[in-house]
1. Within segment 65-162, considering only helices (runs of 4 or more DSSP H) that don't extend past its boundaries, which have at least 3 residues that are surrounded by fewer than 21 Cβ atoms within 10 Å (Cβ to Cβ) and out of contact with any Ser or Thr (no Cβ under 9 Å at 6 or more places or on another chain)?
2. Could you list, in sequence order, all residues of segment 146-164 that are over 24 Å from T78 (Cα atoms) and without any contact (Cβ under 8 Å) to a residue 12 or more places away in the chain?
3. Find the residue count for segment 163-194, including only residues that are in a helix (DSSP H, G or I) and under 18 Å from the mean Cα position of the chain (by Cα).
4. Where residues in segment 19-48 are closer than 26 Å to V90 by Cβ and surrounded by fewer than 13 Cβ atoms within 10 Å (Cβ to Cβ), which of them is modelled with the highest pLDDT?
Amino acid sequence: MLKLTIPIILLLTLLLPPLPATATPASPQPQLTTRDSSSVLAAVTTISTQLTTLNTTVSAYPGGLEGSLSALHIQAETIQLEVDLKAAVVAAKRSANFSDAESLSVAQAFVALEPTIASTLANLVAKKSEFDDGLLGVASLSFLVEWDLEQLSFLSSQLGKAVQEKLSATYAALAPLVLDQIAAAFAGAIQAYQ
């Protein structure tokens, strides 16, 4: 009888699913939200709006003692831009791969964004002498601008990589043309503040 029982137990073990170890119900797994190109496009629009706001404030920045309050506004706007870039990176990473049509829309958004980035960075470089005495007119804020530029450059690079991974092959191959221009603009601005 024992000889017959062992094969039956083995057979039942193989055929039947294992019993749960506890009787408590399993907790539901958190659901990741799948994003699409519209999430990325909305994020790029937010970045563009924030860049325009920052550019306007930088353009009006007088430096010195009278520019101290404006310097705080510039820093707050820069921090918001960093937050917007981080949100865009998350949206891009959570997105499914883009179709050709979606890739075209996202690529066009980045092409349209590049001149705004270049203009903002050019204005920051042009205002370097104002930032050199921007802390109450007696001390430099250039170290802070340089640090902010490095952070924005890093986040822009992360966004570019995350989006490029989602583009269809044709657009992914062309993405470095725009991404390299953005990286070069940041490198030039950072160098001006070193």
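1. In segment 65-162, the matching helices (runs of 4 or more DSSP H) lie at 68-94, 100-126.
2. Matches in segment 146-164: none.
3. 17
4. Selected residue: T34.
The values are calculated or read from the model by the stated rules, or taken from the named source; none is laboratory data. Predicted, not measured: the structure shown is a model, and the values here were computed from it. Counting neighbours? That spans all protein chains shown, and the Cβs are built from the backbone with ideal geometry, glycine included.
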